[in-house]
1. Name the pairs: first residue in region 6-29 and basic (Lys, Arg), second residue modelled with pLDDT under 75 and open to solvent by 100 Å² or more (accessible area, probe 1.4 Å), Cβ to Cβ under 9 Å, at least 6 apart or on different chains?
2. Checking SER102 against (1) of a type in the set (Gly, Ala, Ser); (2) farther than 18 Å from ASN70 by Cβ; (3) part of a helix (DSSP H, G or I), which test does it fail?
3. Quick one: in region 242-263, of everything that is part of a strand (DSSP E or B) and touching a Lys or Arg at 6+ places or on another chain (Cβ under 8 Å), which residue is farthest from ARG40 (Cα to Cα)?
4. Scan region 535-586 for residues that are exposed (fewer than 15 other Cβ atoms within 10 Å of the Cβ), in contact with a Phe, Trp or Tyr (Cβ under 7 Å, 6 or more places away or on another chain) and either closer than 11 Å to PRO459 by Cβ or modelled with pLDDT under 90 (or both) and jot them down.
5. Quick check, is LEU178 open to solvent by less than 40 Å² (accessible area, probe 1.4 Å) and in contact with an Asp or Glu (Cβ under 7 Å, 6 or more places away or on another chain)?
6. From the list SER153, SER139, SER125, exactly one residue is within 24 Å of ASN198 (Cα to Cα) and open to solvent by 10 Å² or more (accessible area, probe 1.4 Å). Which is it?
7. When the residues of region 204-216 are narrowed to those that are open to solvent by 80 Å² or more (accessible area, probe 1.4 Å) and at pLDDT 75 or above, which ends up nearest to ASP268 (Cα to Cα)?
8. Report every pair of residues separated by at least 6 positions or lying on different chains whose Cβ atoms are under 9 Å apart, first residue within region 463-484 and small (Gly, Ala, Ser), second surrounded by fewer than 16 Cβ atoms within 10 Å (Cβ to Cβ).
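The values are calculated or read from the model by the stated rules, or taken from the named source; none is laboratory data. Predicted model, so just to flag it, every value in this text is computed and none were measured. Note: ideal-geometry Cβ built from the backbone for every residue, glycine included; neighbour counts use all protein chains shown. SASA here: full protein model, heavy atoms, side chains in, ligands and nucleic acids out. Shrake-Rupley method; radii C 1.70, N 1.55, O 1.52, S 1.80 Å.
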Amino acid sequence: MKLRNKVFMTFAILVLVPLSIITFVVYGIFSTSKLEDVTRNTENTIVQLNNSLDLMIDDAARSTLSVLYNKQLIQILTEYSNASQEGFISNEDKNTFSLFLSGIMYKREAFHGVHVFSTKGHTFSHMERGSISEYINLSEQPWYQAVKDADGSWILYPESKQSYYRKNSNNYVSFIRLLKDPDDLQEIGIIKVDFSPNYLEKLTEQMPGKDWQIFSDGRALFSKSSKRLLDKCTSNHTWVNNGNQEYFCITHTSLSSGIQINNVIPKDYLYQDIKEFGQSLILVIILSLVGTVILSFYVSKYLLKPFELLKNRIRDFHNNKINQIDDNFTGEFAELSGTYNNMLSEINQLVEEVYELNTKNAESEYKTLQSKMDPHFIFNTLESINMTALIKKQFDISDMVSELGSLIRYRLNNEDTFIPLQAEINFSKSYIALLKYRLGEKLHVQWDIASDVTTFLIPKYLIQPLIENAVKHGFMDKPLSIHVTVKVEGKVLEISVQDNGRGIPEEKRVKIQENLSTLESNKLSSVQSENGNGLALVNISRRLMLIYGSNYHLQVHSIPFTNTIIKAKIPVQRGDLYEENNDRRR
C-alpha cells in the first residue's frame, strides 16, 4: 500500500473514531449539565424574587411601625378612635398625617399608597382628598377580621379591589397591621400599605414559564397560573402531567416572611437548548466526516514533502535562526508558508516596537520622577529658613515660617475626608496668624467654641475658607472683626462665621443663596459683582450636600455695611471612628 493511502487511512481513523466518542460523551454531559443549569437558574430566579418580596415586606413592616414612634400621631388616632363615627376630620390633622405618610412614600417604588384608619373608620392618607374616601366602615372590609385576629402582627392580604379608592378599580396586594397605643395597648387604628401592581409585575416578569403562584399563610396573593396544574405541584423537583405535556414543579418558601412561590415549567422549555444542541451536533458530525475525507486526501497527497521544509524552518527558528520559507509552493502549503513568513515579519516588528516602547517608557518615567518634589525637601527648606531667622533674632519671620509649615503640612495630608474640629480650628488659627502679620490691628478674630465639641468630625477645609471669604470680601476702611461660633443644637453641629464688613446687597444675597442650595451646575445663576462675592462658597456648599444630603448647605444672612453671617449645619459625628482608624495607621 502506498504511503499516501496509509496516511489517508490513518488520518481518517485517528480523526473519526475520537470524534465519534467525544460526540456521544459531550452530548451526555451537556444534556445533564444543561438540565441542571436550567433548573438552577429557575430556582435562583424564584429565590431572588422571594428575596425581593422579603425586602419589600421588611420595608413595609418598618414603615408601618414608625407611626407608633410619633406621639402626635398616636394622640390624633386616639382622639378619633374615641370620637363619633363619620366625625369631621380637621385639616390640621389631615395635613399632619399627610406629611408623615408622604415621608414614608418618598422614593418607595414598591408602595402605591399608605393609609391609616382610626377604629371608627376615619381615613388618613397622603393622597389627594378627592381620590380617597374620608371614612370607611371597617367591619365591612374583607380584611378587617384577619387584621383583628393577628392582634398587632402584620398580615399580607391577597390581590383585591379596595373600596376606599374613589377613582381606582385596580387590584392591590396589601400589607396590614393593627395599631395599638404603646402605653396602654389599646387599639387606636389600622395602617395599610397597598403595593404597586406595576412594581409587582416588574418583579415577576422574569419568572420562567406561564404558570406560577405566590402564597402567604395558605392564601394566593397573586398569580399567573393554571390552577389545575399548580394544585398538583405539592413538592419541589417533581414532575406533573396535564394530559398533554409534562411539567417540572419548583417551589420555594421564604424563611423570613413565609411566602411560598410555586412554578411549573414545561418539559419542552427545559429541553429546548438540549434539543437544539443535539441537532447542531449531528450537523457537525456530518460536516466533520466530509471534511475528514477531503482533508485526509490533500494531506496525504500534497503536504508530505513541503511539510519537511516547514519542520526545518521551525527548527531553525528554535535555534534563533530566522529564515523565511521560499514562496514557491501552491495549495494549502503556500498559505501556510505565507502565514509563517508573515509571523516572522511581525515578530521582528514587535521586537523593534517593544524595544522602542521600553525606551520611551524609561524616558517618561525618568522625567516623571524628575518633576516630583519630595515634601521633605520643602519642610527641610522651611526649617533652614526658620533656624536662620532665629539665629538672626528675626522672631516674627520664624513664627511666620512655622505657621506656613503647619499650613503646608495640613494641606499635604489628604488621607482623611473628615477630621476633628480641633484640627480644623488649629489650621484656621495658623492661617489667621499669617494674616495678622500683614493686617495687624485691622483684623480681630474671636472664637466661641462650645465645650466637648472639639473631637467631633467635620469635613476638611470647612472653617478656614469661610474666614478667608470674610477677609477677602468684607474689608472696608474700618478694622474687620470676625466672630467664629461653634455650637450643638440637638443632633446638629452649627458653625457660623460673622463679620462686620461691607455686607451683601439683598438681591445679590438671594442669588448667592440659590447657588448654594443646588447641586446641579446648569442651574447656577450668574452673580455679577466686582469681587465675585459668592462664587467661592459654592464648592463648600455643594460638598456638604454631596456628603450629607440636599438639606445641608451653606446659609447666608447679611445686612449691607453692618454684618454678614455664613452658617453651616451638619449632623453631629463623633470622633471615635477617626481615632480608631488613626490607631490602625500608626
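1. From region 6-29, no pairs qualify.
2. (2)
3. Initial filter on region 242-263 (part of a strand (DSSP E or B)): 246-253, 260-263.
If we keep only those that are touching a Lys or Arg at 6+ places or on another chain (Cβ under 8 Å) too, we end up with 246-249.
On the way: GLU246: 19, TYR247: 16, PHE248: 12, CYS249: 13 Å.
Filtering region 242-263 for residues that are part of a strand (DSSP E or B) and touching a Lys or Arg at 6+ places or on another chain (Cβ under 8 Å), the one farthest from ARG40 (Cα to Cα) comes out as GLU246.
4. Answer for region 535-586, where residues must be exposed (fewer than 15 other Cβ atoms within 10 Å of the Cβ), in contact with a Phe, Trp or Tyr (Cβ under 7 Å, 6 or more places away or on another chain) and either closer than 11 Å to PRO459 by Cβ or modelled with pLDDT under 90 (or both): just ARG574.
5. Values: open to solvent by less than 40 Å² (accessible area, probe 1.4 Å): yes; in contact with an Asp or Glu (Cβ under 7 Å, 6 or more places away or on another chain): yes.
Yes; evaluated as a whole, the condition is true for this residue.
6. Details: SER153 fails: within 24 Å of ASN198 (Cα to Cα); SER139 fails: within 24 Å of ASN198 (Cα to Cα).
Among SER153, SER139, SER125, only SER125 is within 24 Å of ASN198 (Cα to Cα) and open to solvent by 10 Å² or more (accessible area, probe 1.4 Å).
7. Keep residues of region 204-216 that are open to solvent by 80 Å² or more (accessible area, probe 1.4 Å), which gives 205-206, 210.
When the remaining residues are screened for being at pLDDT 75 or above, the result is 205-206.
Values: GLU205: 20, GLN206: 18 Å.
Among them, the one singled out is GLN206.
8. What qualifies is SER481/HIS444; SER481/GLN446.
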